[in-house]
Each structure stands twice: as structure tokens, then as C-alpha cells.
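The block underneath contains the structure these notes are about, expressed in C-alpha cells.
The values are calculated or read from the model by the stated rules, or taken from the named source; none is laboratory data. Please read these numbers as outputs of a predicted model, since none were measured by experiment. We place every Cβ from the backbone using ideal geometry, glycine too, and count neighbours over all the protein chains shown.
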Amino acid sequence: MRWFHDITARSKFTLSFTVMILLLAAVVLTSYYGIRQIEASQRRIYEMDFATALELKDIRTNQFATRAHTIEMASSDDRLLRDRSLQEIRKQTENNDELFTRLEKRLQNEPVFFPRLKELMSLRKEFVQTRFEQEIPLIMAGEAEKAKLLLFGVQQERNRQMGAVTDDLITQIQKRAEGEISAASKSVDRLGRIFTTISAMALVAAIFLTTLLNRAISDPLKELTARAQAIASGDFSTPEIPRERHDEVGQLTLAFQQMNGYLGRVAEMAEQVASGNLSAVLGVQSQRDSLGRALTTMSDALRTMTAEIQDAVNIIANSAGQILSSTTQVAASVTETASAVVETTTTTEEVRQTSEVSTEKANRVAEAAQRAVQISESGSSTVEEVAERMKGIRQQMESIAGRIIMLSEQSQAIGEIIATVNDLAEQSNLLAVNAAIEAAKAGEHGKGFSVVAQEVKNLAEQSKQATAQVRTILNDIQKATSAAVLATEQGSKTVDEGVHQSIRAGESIRSLSASIVEAAEAASQIAASSQQQLIGMEQVLTAMENIKQASEQNVMGTRQVEAAARNIHQLGGKLKELVSRYRI
């Protein structure tokens, strides 16, 4: 039945229904033919046999009635009764004439019955002729006895013969009717067998065509439905259905296989994109392939976005490396400055203690002038050393201020880069939202792209959080830098004052050495100068403590900046690692 599978579904249904209609028409025609035969048989029995038998019985009845009226006329002397009986005789005779006329017309083509009918009509003619020409005239003339001789003689014999012929005709007609009924019964049986055979053939043909249609249409459609359900559940690994037919089911199978292949390619592209391969390309099948165009557009957008993110991440990583290098250098310089400040503070404390000793010794200048000269020389050298160290501290403070200003400028540059990274994160987030919308439009086939869009969105959120953290750290660094600049300026001023005071102290000590002779007279002045020197050294010591605290704050701020730069560097490396997962 290969040819049946290859014809179109319309032809299959047309052929099947044509066969069923033909068989049904055969059943209907057979039934109609049988009914017509039965109807013709019944009509023939009724119109020929039954009507003939009935008319013969009517003739026999009328014959008996006319004989009875004739006997009544012969037996009665009542004139009125005789006239009434005569009218009945004539009426019934006319009825029989009409009945014999109909019988003659009906049976004239019946070779079996017509001769007997002619015989009956001949006997009746003689009977009627004798009645009206002899019996009735004798009765009407008053000779009833002669009429009775005819009535119970010749007429009675003729009446008996007519009855015998009539009964014979009725018997023959009944036999023929029984034969026709038997033939009709046999015809009904034969038609019943034909009807049963054709009905059985129609039933077998219906079962055969139904089974054939199920195998040709229903079974393949069930298989296609099962595979479509498997595809709807995400299983694209269904084997191909062999296409061995050229009807609509074969064309549907081919279209289904093409759809399965296309969806498989879409799923494969989604898996490649989800695994980081953005170089996968899905061709557009037609102008109406909105899914293919959407996936191609999304893939191009992801490639462009990933390329931009890679460039931005490279910039961030390079900048973070430079910032980390500069911050490390600044941290080292600040650490050295802090060490120098500690040493200067220690020296200043020693100078202050020396000034206290000088004050005590000034009260005994007169008694220990020689020792005062030695102390003044020692104080002069110490003051010169303090002045030199103060100058070194001022230079270091100026260097710290310059490096802190450079750090502030680099912090501003980092802020601009962070703003750029934040803008890129916003654009990535917006693109991820658009990709998620497109994936939602694609339904079940866009789940893979939804995962990619969510990953991009998470990456953008991490970038935003990291930039926010870096911005906070930069703000802290800028605040600490501003505080360090103020403290440095204040320390520079204090160092300048310390330098001037050291110079004045040196001059005082030199004056003390030159005027040792006048030590007694200038003792009060030396004591006052020593007191002023002590106060100045305490101020220098206080300023150095402030400088020391500022240096410690600078060290802490620099360490924070260094930690922030290291975090930015690590973030850049993590971003590069994340971006490197996607191949453009």
C-alpha cells in the first residue's frame, strides 16, 4: 500500500469516503430493489389475485342473491314483493355484468384463467337469458309452478356448474397467490443475503480503511506529537524520522525535522554563549525569523559590550598597577619621613633638657664661668646641629607635601577612572536588562541567553560595588591627604620658627662666650634668654609632636591608599579573569 501513503490526505479521505459511499449506495439500492419487488408482488397479488378472487366471490354472492329473489318471487303472490325482488335481481345482475367486464379485461392476458372465465361467462349468459326470458315471465304470468320447474331444474344445474367453475377459478387464483407469496419470500431471503453480504463488505471495508487511515495519518501524527512534546520539554536529541512518503504527513515530517534542526542550532548557540564563546553565529532562516535576528543582534551586542569591557578592564588594571607602584613609593617615603620626625623629636627633647641644664647653670654663671664657656660651646654646636636638622626636617616636610599633592592628583585621576568604570557598569546593566527582555520574548528557547544576561548583570553589579568601595576609600584618602597637607604646613612653620630660635640661641651662646667676663653682670639676661630658649624648645617639641602625629596619620593614610590600590589591582585582575571567559 505504498501508493496509498504517497497520495495526498484529501485523496485518501476522498477515496475512503467514495468506497464507503459506493458500498452504502449498493446497500441502499439493494434495499430499494427488494422493497420495490415486494411492493410489486403485493400490488400484483392485490390487484390480480385478491381483487379477482374478491370479485368472483361477489359474483357468486350476487348469483345466490338473484336466485334467492327469484325463488321468493315464485313463492309469493304479493305484487309489490315481486316488483321489489325483480328490481333487486336486475340491480345485482347489472353489478355482475360490471364485475364480469372487469374480470374479462383483467384476465384476458391470463391463458390459465381466461378460458375458465369464458366458460363461466357462457354459463351465466345462458342462466341470465333463461331467467329473464322464461322464469320471470312465467312468474309474472301466474305460472309459478312451471317457473319452479325451470328454477329447480335446468337453472339449478347451471347454478351448480357456475359455482364449480367459480370455486375452481378462486382455487387456482389462491394457488397462484401462494406461489407469488412463496416467490416473494424467496426473493426477500435472497435480497436479505445480498444485503447482509454487502453490509459485511461495507463493514470490512470501513474497518480496513479506518485502520489504513490510522496507520497512514494518525500514527505518524502521534509520533510527531510525542517528539514535539519532547522538544517542548527541552530535549533536542530526538532521532530523525525517516521520510519515505510524499503526502502532507511526509511534508509535515520534513518541516518538523527542519524545525528540530533549527532549534537544536539555537540551543547549541545558547550553550556556546553560556560557556563564554561569543563568536558563535546563527544564520537567519528568512525575513520572518525574528528569533534568529534577535539572537544574532544580541550576540553582536554582547561581543561589542565584552570588547568594550575588556578595554575598560585593561585600562583599570594598568591604572591600578601604576597607582599601586606610586602608592608603594609614597608609603616608603612617608615611612622614612616618619622615622626622621621621630629622630628629630628625640633630638628636640634632648635640646630641651639641655636648655633646662643651661638655665640652672646660668644661675651659677659667676661661680662656674669656665664651665659656662664649655657649656656655651656645647650649646652652640648643639644649636647648630639642631638648626641643620631643622633644615633637613623642613626639606623633608616640603618633599612630603609635594608627594601628598601628587597623591591627591592621582586620587582625582583614579576618581575619574572609577566614574568611567561606573558608567560602563551602568551600560552593562542596561544591556543585560535588554538581553533578559529579549530572552523572555524568546520563551523556553531564550533560557540560555537569560543566564548570560544575568551573569553580565551580576558582573556589572560587582563592578558598581567595587567602584563605590574604591570611591569611598579615595574620599578617605583625600581627607587624610588634606589633613596631612595642613599638618605639614603647620609643621613647616613650626620648623621655621625652631630654626630661627636655634639661630638666636646660637647667637646668645656666642655672646655668652664673648662676654664671659661680664657673666655676673649678664647673668640675669642669660637666665632670661635660657628661659626663652626653654619655652621655645618646648614649643619646638610640641610642634615636633604634632609633626610626628601627622606623619603617623600620613603613614596610616598611605597604607590605606596602598591597600585600596592593591584592592583595585586585584579587582582589575578579577575583571580580566571574568572577561577572559568570553571569547569574541
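Based on this model, can you work out whether S399 counts as surrounded by 13 or more Cβ atoms within 10 Å (Cβ to Cβ), farther than 25 Å from T304 by Cα and either of a type in the set (F, W, Y) or modelled with pLDDT under 70 (or both)? Before you say what the answer is, go through the steps one by one.
Details: surrounded by 13 or more Cβ atoms within 10 Å (Cβ to Cβ): yes; farther than 25 Å from T304 by Cα: yes; either of a type in the set (F, W, Y) or modelled with pLDDT under 70 (or both): no.
Considered against the rule, which asks whether it is surrounded by 13 or more Cβ atoms within 10 Å (Cβ to Cβ), farther than 25 Å from T304 by Cα and either of a type in the set (F, W, Y) or modelled with pLDDT under 70 (or both), S399 comes out as no.
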For this session: From A164, A177, A206, grab the single residue that is modelled with pLDDT under 85, assigned to a helix (DSSP H, G or I) and over 60 Å from the mean Cα position of the chain (by Cα).
Result: A177
Seminar exercise, completed: Being at pLDDT 85 or above, closer than 30 Å to E110 by Cα and touching a helix residue (DSSP H, G or I) at 6+ places or on another chain (Cβ under 8 Å) narrows Q156, Q172 down to just Q172
Exercise. Scanning segment 542-584 for residues that are closer than 25 Å to N422 by Cα and among the polar types (S, T, N, Q), which turns out modelled with the lowest pLDDT?
Worked result: S580
Exercise. Looking only at segment 76-106, which residues are hydroxyl-bearing (S, T, Y) and at pLDDT 85 or above?
Worked result: S85, T93, T101
Exercise. Does L221 satisfy the criteria of being surrounded by 12 or more Cβ atoms within 10 Å (Cβ to Cβ), touching a Gly at 6+ places or on another chain (Cβ under 9 Å) and either at pLDDT below 80 or not in a helix (DSSP H, G or I) (or both)?
Worked result: no
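Of R193, R215, which residue is surrounded by 13 or more Cβ atoms within 10 Å (Cβ to Cβ), assigned by TED's automatic domain parsing to the domain that holds F113, part of a helix (DSSP H, G or I) and free of Cβ contacts under 8 Å to residues at least 60 places away in the same chain?
Numbers: R193 fails: surrounded by 13 or more Cβ atoms within 10 Å (Cβ to Cβ).
Just a single option satisfies the conditions, and that option is R215.
Can you say whether K118 is assigned by TED's automatic domain parsing to the domain that holds T52 and surrounded by fewer than 17 Cβ atoms within 10 Å (Cβ to Cβ), as far as the supplied structure shows? Please lay out each step first, then the result.
Numbers: assigned by TED's automatic domain parsing to the domain that holds T52: yes; surrounded by fewer than 17 Cβ atoms within 10 Å (Cβ to Cβ): yes.
So K118 passes the test.
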For this session: Just name the residue that is modelled with the highest pLDDT out of those in segment 180-194 that are in contact with a helix residue (DSSP H, G or I) (Cβ under 7 Å, 6 or more places away or on another chain) and more than 22 Å from A53 (Cβ to Cβ).
Result: I194
Seminar exercise, completed: The correct count of residues that are surrounded by 15 or more Cβ atoms within 10 Å (Cβ to Cβ) and either at pLDDT below 70 or not hydroxyl-bearing (S, T, Y) (or both) in segment 32-57 is 13
